Structures are given as structure tokens and as C-alpha cells.
1. Considering only region 36-51, I want to know if a residue exists there that is touching a residue at least 40 places away in the same chain (Cβ under 8 Å) and either more than 13 Å from the chain's Cα centre (by Cα) or assigned to a strand (DSSP E or B) (or both).
2. Identify all residues within region 23-61 that are acidic (D, E) and within 25 Å of H77 (Cβ to Cβ); write none if there are none.
3. Condition test on I25, is it closer than 15 Å to F83 by Cα and of a type outside the set (K, R)?
4. Looking at region 128-141, can you tell me whether even one residue there is loosely packed, with under 14 Cβ neighbours inside 10 Å, modelled with pLDDT of 95 or more, within 16 Å of the chain's Cα centre (by Cα) and of a type in the set (S, T, N, Q)?
5. I'd like to check something: does region 58-65 contain any residue that is in a strand (DSSP E or B) and either exposed (fewer than 13 other Cβ atoms within 10 Å of the Cβ) or of a type in the set (A, V, I, L, M, F, W, C) (or both)?
6. Restricting to region 125-139, what's the tally of residues that are farther than 12 Å from L98 by Cβ and either among the charged types (D, E, K, R) or in contact (Cβ under 8 Å) with a residue 24 or more places away in the chain (or both)?
7. Go through region 110-149 and give me each residue that's farther than 25 Å from A95 by Cβ and in a strand (DSSP E or B).
8. Considering only residues of region 3-35 that are touching a residue at least 12 places away in the same chain (Cβ under 8 Å) and in a loop (DSSP other than H, G, I, E, B), which is surrounded by the most Cβ atoms within 10 Å (Cβ to Cβ)?
Amino acid sequence: MEFIRRASAEDASRIAEIIIANYRINFYPIFKDDEFYFGELNVIDMAAEYSENSQALKNTFVYDDGAVKGIIRINNHEIEKLFVEPQFQNMGIGAKLLEFALKNMNVKYLWVLEYNRRAIAFYRRHGFELTGEKIIEDEYVPLLKMTRK
């Protein structure tokens with residue numbers, strides 16, 4: 001698909017920036033954990049997850065039209081992460097990444113933060129529905145399972 005390619009190790013810091021910006025904007029207001037969001041969560045450590053030959057890197061694709069503006073990470077049939085740089089949201093980049101995953105990676109499900117109504121609505125618009133399954137990650141993060149209709 002146009003502008004979507006497999007991520008490379010050279011993308012690691014950009015991927016990390018996109019993920020961290022989204023975590024801070026979308027999740028900090030919910031959890032209000034200064035120590036985590038402005039201490040533990042940092043570009044250097046996150047970029048290390050996407051080092052050469054890492055599993056995370058092998059499972060990640062980027063939207064790159066001259067600048068990496070979005071990422072999707074897929075593991076087997078699950079979307080593990082889908083984020084677009086906040087300045088480029090609402091331009092169809094997330095939809096293109098999701099469409100790519102559906103067409104090329106046989107994606108079937110994902111887990112979404114229970115409080116992230118915007119993400120739930122986005123996935124619903126693209127044919128996913130809540131299953132009623134819920135897990136608690138890291139002892140206090142409620143995630144809901146969504147599958148493709």
C-alpha cells in the first residue's frame with residue numbers, strides 16, 4: 001500500500017517518539033502517573049525495543065510519505081499498537097495502516113483501553129466490535145477485546 005513499509009532500525013527513535021507522544025496525550029489524563037509517563041517512559045528505552053532484529057521491529061510497519069507519521073505493530077493476528085503522530089491525526093493515516101493490516105496481515109483482533117472511547121469508535125468504524133472480554137494489564141489497566149465482524 002502506498003507509503004506503508006516495514007519498519008527498519010533507522011526508524012526506532014521516530015517510532016518511539018510517536019508512541020510516547022500518544023501515551024502522554026491519550027493515557028496520562030486517565031492515569032495521572034507522573035513517575036511513569038515523565039520518568040520511566042522515554043524515547044531511549046522505547047527505541048531500544050525496536051533495535052535491529054528485534055521482534056517488535058519485525059512486526060512493525062510505518063506510514064512514511066517522506067516523514068514517518070504513523071506505526072502499526074502486528075503479532076500473529078493481533079494489532080498490538082496503532083498510533084499516528086498527533087499533528088497528523090484525522091488525515092486518514094490510521095485508517096490506511098489498519099486497512100493494510102487487514103488486507104495483508106490477516107488481523108483478527110486487538111485489545112483497546114476501556115477508557116479510550118475515541119479508539120473504540122475508530123475501530124468500530126472499521127468493522128471491529130467489542131467481544132465482552134476484558135483483562136486487567138499491569139494490575140490496573142482495563143483492556144477490552146475487539147474482533148473483526
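The values are calculated or read from the model by the stated rules, or taken from the named source; none is laboratory data. Worth saying up front: this structure is predicted, and the values here are computed from it rather than measured. Cβ sites come from the backbone with ideal geometry, for glycine too, and all protein chains shown count toward neighbours.
1. Our first condition is that a residue be touching a residue at least 40 places away in the same chain (Cβ under 8 Å); within region 36-51, this holds for 50-51.
If we keep only those that are either more than 13 Å from the chain's Cα centre (by Cα) or assigned to a strand (DSSP E or B) (or both) as well, we get 50-51.
So far as region 36-51 goes, yes, one or more of its residues are touching a residue at least 40 places away in the same chain (Cβ under 8 Å) and either more than 13 Å from the chain's Cα centre (by Cα) or assigned to a strand (DSSP E or B) (or both).
2. Pass one, region 23-61, residues acidic (D, E): 33-35, 40, 45, 49, 52.
Listed by number, the list holds a single entry, E49.
3. Numbers: closer than 15 Å to F83 by Cα: yes; of a type outside the set (K, R): yes.
Taking the combined requirement at face value, the residue satisfies it.
4. No, region 128-141 contains no residue that is loosely packed, with under 14 Cβ neighbours inside 10 Å, modelled with pLDDT of 95 or more, within 16 Å of the chain's Cα centre (by Cα) and of a type in the set (S, T, N, Q).
5. Here is the first cut: in region 58-65, the residues in a strand (DSSP E or B) are 60-64.
Adding the requirement that they be either exposed (fewer than 13 other Cβ atoms within 10 Å of the Cβ) or of a type in the set (A, V, I, L, M, F, W, C) (or both) leaves 61-62.
Yes: one or more hits.
6. Filtering region 125-139 for residues farther than 12 Å from L98 by Cβ gives 129-139.
Subsequent filtering for residues that are either among the charged types (D, E, K, R) or in contact (Cβ under 8 Å) with a residue 24 or more places away in the chain (or both) retains 129, 133-135, 137-139.
Final tally of qualifying residues: 7.
7. Of all residues in region 110-149, those farther than 25 Å from A95 by Cβ come to 132, 134-142.
Once the filter is applied, which keeps residues that are farther than 25 Å from A95 by Cβ and in a strand (DSSP E or B), region 110-149 yields G132, K134, I135, I136, E137, V141, P142.
8. Among those residues, the one meeting the criterion is A7.
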